[in-house]
Structure formats: C-alpha cells, structure tokens
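Step one of this worksheet: look at the structure below.
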Amino acid sequence: MAFRRGLLAALAVGALIGGSAGCGADAVHEGKGGATASPVGTVLRGTDGEGRHYRDVDPKGAPRVAVEVRPDSGDGRDVRLRFRHFRFSDAGVSPVAVAGRGVARLSLDGRSVTWLRVTAYRLPATLVPRGTHHVTARLYADDRTIWAVHGKPVESTAAITSSGTKWTPGPGHP
C-alpha cells in the first residue's frame, strides 16, 4: 500500500513538472514583436515566399555557408559548399531544429534545384543556358525553418556566366 501511494505521488509530481514545462523540444511560444521563443533561436513571424519561417540565431556561432561554382569537364557546373558552425543532418532525422544542423537548398535564379545533404553537386548544363545566372545555397534547420541572422537568411550566392551552346535546328526542322 505504501509503495502504491509513493508511486502515485511520484506520478503526480512528474505530471506537475511535465505540465509546467508544457511542451516538447520543437514547441514555440508567442513572444515580443510577433516572434516566438524556441529551444534554438527565435522563430520569426514573417515567412519567405513559400511560407517558411525564419529561425533567427545569435550572430556569434551562427551557421554560415559559402558557395563556389566552377565549370566541370562537360558543359555543366560543379557546385561546392563550405560551412562554418553547420553540419548536415542524416536523412530521416526528426523534424526538430538542432543548433547548427540541417540541410541546404540549392537554387538557380530563384528556382529550387535540389535539397542537399552533401557538399558537392553537379549542376547540369541543361539548367544553365547562355547568360548570367545566380546560384544560391540557403541553410535550413531540420524542421525546414530557415536559419537567419538579424532576420536575414543564412545563404550565399555566386554569379556565373554561361556562354552555352545556342540550339540550332537540324535537318528537317523549321
């Protein structure tokens, strides 16, 4: 009987403590200026064009990315990413923000090309026609919020110019 009362008391205390914590690791709460406090940074009320929230973190220790694009042996481009205070998460991890972890999204001229969990990618020539283009790598937490510093996304953009090969119709084409 004493064991049973002790167990019930322990459960009641656990419920009170758990209840006062009130949320899991990925929960957020309303804060000043429309921002929400989070276990990692502050989730801002505003979103990007796709409705993804920015996760604002302190500049000291914030993730950083640099993108470098070079011609490859064919007509495509080799894209290389370098990071500071950031590591890719393994595929299949829980969709919870963890400081300095996540994925990168590669875009060309503002259009998404791919999500990356590796530092190198080959951009096919078919995506890079003649002209000047902008290749952008943006960092995301595993919950797909955008890593940000002072409300600006953590990203890097490289401008590339492609001489491309102009398509000319072959025999039998108008």
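Taken together, the values in this text are just the output of simple stated rules run on the coordinates, not laboratory data. In this text, all values refer to a predicted model and were calculated from it rather than measured experimentally.
Values computed for the structure shown
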| read-out | value |
| --- | --- |
| Equivalent ellipsoid, region 52-160 (semi-axes from 5 times Cα gyration tensor eigenvalues, Å) | 25, 14, 12 |
| Net length gained if the chain between residue 127 and residue 159 were fully extended (0.36 nm per residue, minus Cα distance) | 10.1 nm |
